[in-house]
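For reference, the structure is listed below as structure tokens.
The values are calculated or read from the model by the stated rules, or taken from the named source; none is laboratory data. Remember, it's a predicted structure, so these values are computed and weren't measured experimentally. Glycine also receives a Cβ, built like all others from the backbone with ideal geometry; neighbour counts cover every protein chain displayed. What goes into the accessible areas is simple: the full protein's heavy atoms, side chains included, and nothing from ligands, DNA or RNA. Shrake-Rupley method; radii C 1.70, N 1.55, O 1.52, S 1.80 Å.
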Amino acid sequence: MSTPDTSRPYLRIQSDALPLSTVLDCPCAVILGEAGSGKSDIVRTLFDLAKEQRGDSSACHIDLGLYSSEQQIHDDIQQAIERHTHSESDDEPTTIILDSLDEARAGIKNVAGWLKRWLSGSRDKRLRLILACRATQWLSTLDKDLTQRFGDDGVKYFDVIPLTRENVREAAAANALDPDASLNAIRDRGVIEL
């Protein structure tokens, strides 16, 4: 069995498995899933994809669980935007990833309030925002704030849900791997639950 192509991780939205890079085509993406579903792994991979494949050297990944104040978050985002302003990458927007919104040490409502103020005051047209949060903790008030900044078509929601056996078979075949051997390897190693 050959090694899977890890440069194309997959994310499942509703019943369709999509290449993870699809998220980077959205001005604003909200990654929702329950604890342990892989949201943080997904956003770390998106961060790497933004830097490596999209050439966004100023991409910023912020784990909100590590920040104790809104000011720290604001300062790091502003530094990323300034780096982008001074870079030669005019084609790609600045990618700002806010991970673990539900685990924000500054408090989810405080961070949501800060985010609303920041988005309404941000003049940077070249902004790509990716938020990750537990689905049950998502604040619906953010929907309006994000839509005001990015427009109705600019905000996409992605649910992280377990892949089915058929999704794994399709991904294996797309990567020139034997689907049955791939499923057996997953089962034998207990890698993921399907």
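So is residue 115 open to solvent by less than 30 Å² (accessible area, probe 1.4 Å), part of a helix (DSSP H, G or I) and touching a Cys at 6+ places or on another chain (Cβ under 6 Å) or not? Taking the combined requirement at face value, the residue does not satisfy it.
Considering only the range 172-182, state which residues are hydrophobic (A, V, I, L, M, F, W, C) and touching an Asp or Glu at 6+ places or on another chain (Cβ under 9 Å).
First, pick out the residues of the range 172-182 that are hydrophobic (A, V, I, L, M, F, W, C): 172-174, 176-177, 181.
Passing the criteria: 172, 174, 176, 177.
Scanning the range 166-184 for residues that are at pLDDT below 90 and not in a helix (DSSP H, G or I) yields one hit, 175.
Applying the criterion of at least 3 residues that are modelled with pLDDT of 90 or more to the strands (runs of 3 or more DSSP E) found wholly in the range 1-112 leaves 28-33, 60-63, 94-99. Comparison of 172, 181 shows that the only residue that is of a type outside the set (Phe, Trp, Tyr), out of contact with any strand residue (DSSP E or B) (no Cβ under 6 Å at 6 or more places or on another chain) and either within 19 Å of residue 100 (Cα to Cα) or surrounded by fewer than 18 Cβ atoms within 10 Å (Cβ to Cβ) (or both) is 181.
How many residues does the range 132-160 hold that are surrounded by 14 or more Cβ atoms within 10 Å (Cβ to Cβ) and either charged (D, E, K, R) or touching a Pro at 6+ places or on another chain (Cβ under 9 Å) (or both)?
Just the residues of the range 132-160 that are surrounded by 14 or more Cβ atoms within 10 Å (Cβ to Cβ), to begin with: 132-135, 137-139, 142, 145-147, 149-150, 154-160.
From the residues that got through so far, the ones that are either charged (D, E, K, R) or touching a Pro at 6+ places or on another chain (Cβ under 9 Å) (or both) too are 134, 145, 149-150, 154-156, 159.
Final tally of qualifying residues: 8.
Could you grab me the full set of residues in the range 185-194 that are assigned to a helix (DSSP H, G or I) and not charged (D, E, K, R)?
Applying the first criterion (assigned to a helix (DSSP H, G or I)) to the range 185-194 yields 185-189.
Hits for the range 185-194 are 185, 186.
Only a single item in (1) without any contact (Cβ under 8 Å) to a residue 40 or more places away in the chain; (2) in contact with a helix residue (DSSP H, G or I) (Cβ under 8 Å, 6 or more places away or on another chain) is not met by residue 153, and it is number (2).
Does residue 163 meet the test of being outside any loop (DSSP other than H, G, I, E, B), within 21 Å of residue 43 (Cβ to Cβ) and either open to solvent by less than 60 Å² (accessible area, probe 1.4 Å) or in contact with a Phe, Trp or Tyr (Cβ under 7 Å, 6 or more places away or on another chain) (or both)? I'd like the intermediate steps shown before the answer.
On the way: outside any loop (DSSP other than H, G, I, E, B): no; within 21 Å of residue 43 (Cβ to Cβ): yes; either open to solvent by less than 60 Å² (accessible area, probe 1.4 Å) or in contact with a Phe, Trp or Tyr (Cβ under 7 Å, 6 or more places away or on another chain) (or both): yes.
The answer is no for residue 163.
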